[in-house]
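Before any comments, here is the structure.
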Amino acid sequence: MKVIIFSDIHANIDAFKAFLALAETIDHERMYNLGDTVGYGAGPNECIDLVRYLNISSVAGNHDDVVLGRYEPAKFNPDGRRAIQWCRGELRDENADWLRTLGDFFWIDSVQGKALLVHGSPVDKDEYIMSKWNAERAFTAMMERDIAISFVGHTHKACLWLQEIDGSPSFKPQSECEGSISLDPSLKVIVNVGSIGQPRDRDPRGGFVIWDDEQHTIRFIRFDYPIEAAQKRITDAGLPRFLADRLAGGY
Ligand SMILES: [Fe+2]
């Protein structure tokens, strides 16, 4: 089974369309969306319309929850907060209703065992796996719940966290992952799939992964998209300039 897993579209319809066009050329059975479909960008309805039309299995991210008013964006930066307020005003009722239907995770029964798909971490969907400490907690949670592999987004930085033989986590950024990466089936792994619409690893291209569970390989893919069109959409909508600028810098 080959699946495409992606995250953090962030209402970037220009990136999302480029991704979908590329995905059409890739052999795969299903696609999974790890959340933050909205927030920051200027095309929330356009993105949700396409996810719904294509019936892509999706979970809720923190921006999706905040747009729905499940909690207030107190910890967001001022630009992020403005984008949330704007999105709340823009989102069509049917698309808000669709966001409300999303759960917090998916399980896949794979050849390698149980796979968890969640926005942030197996510990907590809102936790960022940014350090060995977070990764160690996540591996402990995976061992307790017999999870072989986890797929996450949330940090917008594609990478692998690999469990070493002594149980400790090792970090591998996507820049060190050329081609198909063969995973050790006896050790746990956390795959951060990166972000479609707002990557933050200084590479402005959108990103996603292909997982082949039979071969147990991960392939990170990056793709170009019309960044200037996405930036214009943001400024035309009256959203903060910083949200447009960061797309070109990949931060
Ligand atoms: Fe995000």
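For (1) touching a residue at least 40 places away in the same chain (Cβ under 8 Å); (2) more than 14 Å from the chain's Cα centre (by Cα), each residue gets a yes or a no:
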{"site": "R92", "(1), (2)": "yes, yes"}
{"site": "L99", "(1), (2)": "yes, yes"}
{"site": "F105", "(1), (2)": "yes, no"}
{"site": "Q112", "(1), (2)": "yes, yes"}
{"site": "V123", "(1), (2)": "no, yes"}
{"site": "Y128", "(1), (2)": "no, no"}
{"site": "E136", "(1), (2)": "no, yes"}
{"site": "M142", "(1), (2)": "yes, yes"}
{"site": "I147", "(1), (2)": "yes, yes"}
* Please work out which residue is surrounded by the fewest Cβ atoms within 10 Å (Cβ to Cβ), limiting yourself to segment 62-102 and to residues that are touching a Leu at 6+ places or on another chain (Cβ under 7 Å), among the charged types (D, E, K, R) and closer than 19 Å to A15 by Cβ. => D79
* Answer yes or no: is there a residue in segment 159-182 that is within 16 Å of the ligand (Cβ to nearest atom) and either more than 19 Å from F220 (Cα to Cα) or small (G, A, S) (or both). => no
* Structure fact -> Scanning segment 160-205 for residues that are on the phi > 0 side of the Ramachandran plot and buried (at least 23 other Cβ atoms within 10 Å of the Cβ) gives G194
* Of residues in segment 1-43 being within 16 Å of the ligand (Cβ to nearest atom), of a type outside the set (S, T, N, Q) and in a strand (DSSP E or B), the one nearest to the chain's Cα centre (by Cα) -> F6
* **Hits in segment 206-219 (condition: buried (at least 23 other Cβ atoms within 10 Å of the Cβ) and either in contact with a Gly (Cβ under 9 Å, 6 or more places away or on another chain) or among the basic types (K, R) (or both))** => G206, G207, F208, V209
* Within segment 213-226, can one find any residue that is out of contact with any Cys (no Cβ under 7 Å at 6 or more places or on another chain), within 16 Å of the ligand (Cβ to nearest atom) and not in a strand (DSSP E or B)? -> no
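With respect to L102, is the statement that it is under 27 Å from L243 (Cβ atoms) and among the hydrophobic types (A, V, I, L, M, F, W, C) true? Steps first, please.
Numbers: under 27 Å from L243 (Cβ atoms): yes; among the hydrophobic types (A, V, I, L, M, F, W, C): yes.
Yes: the conditions hold for L102.
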* Which members of segment 1-31 meet the condition of being of a type in the set (G, A, S), closer than 29 Å to K114 by Cβ and surrounded by 24 or more Cβ atoms within 10 Å (Cβ to Cβ)? -> S7
* To do: Tell me, please, whether a residue that is away from the ligand (no atom under 16 Å from the Cβ), in a helix (DSSP H, G or I) and modelled with pLDDT under 95 can be found in segment 62-79.
  => yes
* Any chance you could count how many residues in segment 106-132 are in contact with a Leu (Cβ under 8 Å, 6 or more places away or on another chain), more than 16 Å from the ligand (Cβ to nearest atom) and closer than 25 Å to L68 by Cβ? => 3
* Residue count for segment 32-61, restricted to those that are touching a residue at least 40 places away in the same chain (Cβ under 8 Å), of a type in the set (S, T, N, Q) and surrounded by 21 or more Cβ atoms within 10 Å (Cβ to Cβ) -> 2
* To do: Test N55 against the criterion of being assigned to a helix (DSSP H, G or I) and either at pLDDT below 95 or away from the ligand (no atom under 16 Å from the Cβ) (or both), and give yes or no.
  => no
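The values are calculated or read from the model by the stated rules, or taken from the named source; none is laboratory data. Since we're looking at a predicted model, the values are computed, not measured. Because the Cβ atoms are built from the backbone with ideal geometry, glycine has one as well, and the counts that use them run over all protein chains shown.
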